[in-house]
1. What is the sum of charges, Lys and Arg at +1 and Asp and Glu at -1, for the other residues whose Cβ falls under 12 Å from the Cβ of Val165?
2. For the chain, what's the relative contact order in percent, using C-alpha pairs closer than 8 Å and at least 6 residues apart?
3. Starting from 0.36 nm per residue, how many nanometres of slack lie between Ser68 and Phe117 once their C-alpha separation is accounted for?
4. How large is the convex hull of the Cα atoms of the stretch 76-204 per residue, expressed in Å³ as a whole number?
5. Go through the stretch 147-218 and name the trypsin sites (Lys or Arg not before Pro) that are in a DSSP coil and have 15 or fewer other Cβ atoms within 10 Å of their Cβ.
6. The stretch 80-136 to the stretch 164-218: how many Å between their Cα centroids?
7. How high is the relative contact order of the stretch 24-141, in percent, with contacts defined as C-alpha pairs under 8 Å that are six or more residues apart?
8. Ignoring ligands, DNA and RNA, what accessible area per residue does the chain give at 1.4 Å, in Å²?
Amino acid sequence: MLTNRRVEFLKTLTELYDSKGEPVHYTDVAQAMKISKWTAYDILKELEKGDFVKTEYYLGEEKSQGRSTLRFLPTEKAYEIFKKANKDEWNSLRDTLIKKVKNSKPNSLEEILNEMFQATKPIEFCAYAITAFLLKLRMAGGLSMEGIENLLASVNPTSSLVLFVGAVLGVLLYTKVKSDIDKKLAENIQKFYINLNKLNSQDVNLLNNFLRELLAIV
């Protein structure tokens, strides 16, 4: 049975494996989770029985010296669990932000900015930022959302997001960044680009499709 505790172990192993690019020793999992190495070993072996983890004897870079050690790595079955969890999390965030735009109020932009600062994942921060930027464009007036949408449709997803945020920056510069909210928006444009660069192509496509949905709403 895949309990919450075992999912936590699996997530730790997967993150270590992805960051190291090689099978992980159980002592590394134990250190990351602040538990005994024997507890880590036992639970990883239990996960192996469920085909979430597999083991390899590993020599490392110094293959001519010493004995091989037993290492652990996640299976495709493990990755499927996190893919589904990430998809569900994204769909929930997307639906929440679309609803906020549809039912926006005078203080909606400020609320979204406050929530954006609490985002812990790059795609989450970017989604909140896109929503905030779009609300700012709508408040500025004098811009054709259809025209922006047509322009963005002619470039690739990454360029589309960069151009969109560039349009926001132009509006902020034109209005000379007067309010505190405008200052917060301007200060987080660079952070948006930093987080955007951390995303893979699949996440960039999700954000671009999300932007197109928001443009269609407003």
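The values are calculated or read from the model by the stated rules, or taken from the named source; none is laboratory data. Note that the structure is a prediction, hence the values are computed from the model and not measured. Every residue, glycine among them, receives a Cβ derived from its backbone with ideal geometry; neighbour counts consider all protein chains shown. To get the accessible areas, we keep the full protein, side chains included, count just its heavy atoms, and leave off ligands, DNA and RNA. Shrake-Rupley method; radii C 1.70, N 1.55, O 1.52, S 1.80 Å.
1. +2
2. Details: 199 pairs, mean separation 36.3, N = 218.
It rounds to 17 percent for the chain.
3. Values: separation 49, 0.36 × 49 = 17.64 nm, distance 4.57 nm.
Extending this stretch completely gives an extra 13.1 nm.
4. Details: hull volume 14.6 nm³, N = 129.
Cα-based convex hull of the stretch 76-204, divided per residue, equals 113 Å³.
5. On the way: sites: Lys176, Lys178, Lys183, Lys184, Lys191, Lys198, Arg212; in loops: Lys176, Lys178, Lys198.
Those satisfying the criteria are Lys176, Lys178, Lys198.
6. Between the Cα centres of the stretch 80-136 and the stretch 164-218 lies a distance of 12 Å.
7. On the way: 90 pairs, mean separation 19.3, N = 118.
It comes to 16 percent, rounded to a whole number.
8. Values: 12740 Å² over 218 residues.
Spelled out: the 1.4 Å probe surface of the chain, per residue, equals 58 Å².
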